[in-house]
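Single-structure report; data block below.
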Amino acid sequence: VADDLELTVESAAEEITKRGGQGHAIPCDLSKDGVIEEIIERVVKEQERLDVMVCSAYTTPPDNLRGEFWNQGLDMWDAVNGVGLRQVYAACRAAAPHMIETAKNIPQ
């Protein structure tokens with residue numbers, strides 16, 4: 001369905017800006033706790049609101065990514081999901097209060 005689309009964080013930010021908003025693609029090291037919370041607080045301070053957040057996090061496992069999953073150690077699962085699932089959850093937790101506040105200020 002989306003074979004001909006460029007679906008990246010950068011293209012999402014560009015599309016938001018093109019449509020009159022202020023899109024920002026902010027690279028960061030999500031393997032470190034607290035980084036996403038700092039970024040969200042910075043954006044809210046600078047923009048005074050948070051309308052949209054694209055959650056996209058992944059890391060390459062320390063060992064062989066290819067091969068049968070049953071031959072992979074739990075360290076592979078921890079590496080991939082420790083960043084992917086954990087930090088997406090952390091981002092949603094940090095962003096939700098600000099996005100709820102933004103929604104309260106939208107005229108009905």
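The values are calculated or read from the model by the stated rules, or taken from the named source; none is laboratory data. Fair warning: this is a prediction, and the values are worked out from it, not measured in the lab. We place every Cβ from the backbone using ideal geometry, glycine too, and count neighbours over all the protein chains shown. What goes into the accessible areas is simple: the full protein's heavy atoms, side chains included, and nothing from ligands, DNA or RNA. Shrake-Rupley method; radii C 1.70, N 1.55, O 1.52, S 1.80 Å.
Among the residues of segment 45-53, some residue qualifies, meaning at least one is under 26 Å from residue 100 (Cα atoms), modelled with pLDDT of 90 or more, among the hydrophobic types (A, V, I, L, M, F, W, C) and in a loop (DSSP other than H, G, I, E, B). Checked against the criteria, residue 102 counts as in contact with a Lys or Arg (Cβ under 8 Å, 6 or more places away or on another chain), in a helix (DSSP H, G or I) and not aromatic (Phe, Trp, Tyr). Considering segment 54-80 alone, what residues qualify as being polar (S, T, N, Q), open to solvent by 70 Å² or more (accessible area, probe 1.4 Å) and either assigned to a loop (DSSP other than H, G, I, E, B) or at positive phi (or both)? Selection gives 56, 60, 64. Taking segment 81-108 as the range and being open to solvent by less than 60 Å² (accessible area, probe 1.4 Å) and among the hydroxyl-bearing types (Ser, Thr, Tyr) as the test, only 102 passes. The number of residues in segment 12-21 that are part of a helix (DSSP H, G or I) and within 14 Å of residue 52 (Cα to Cα) comes to 6.
Determine whether residue 50 is of a type outside the set (Val, Ile, Thr), without any contact (Cβ under 8 Å) to a residue 60 or more places away in the chain and loosely packed, with under 13 Cβ neighbours inside 10 Å. No. Residues in segment 55-75 that are at pLDDT below 80 and within 30 Å of residue 40 (Cβ to Cβ): 55, 56, 57, 58, 59, 60, 61, 62, 65. Inspect all residues belonging to segment 25-40 and state whether any of them is open to solvent by 80 Å² or more (accessible area, probe 1.4 Å), under 16 Å from the mean Cα position of the chain (by Cα) and over 12 Å from residue 87 (Cβ atoms). Checked against the condition, which is being open to solvent by 80 Å² or more (accessible area, probe 1.4 Å), under 16 Å from the mean Cα position of the chain (by Cα) and over 12 Å from residue 87 (Cβ atoms), segment 25-40 yields at least one hit. Within segment 13-34, the set of residues being out of contact with any helix residue (DSSP H, G or I) (no Cβ under 8 Å at 6 or more places or on another chain), modelled with pLDDT of 85 or more and within 28 Å of residue 61 (Cβ to Cβ) comprises 13, 32, 34.
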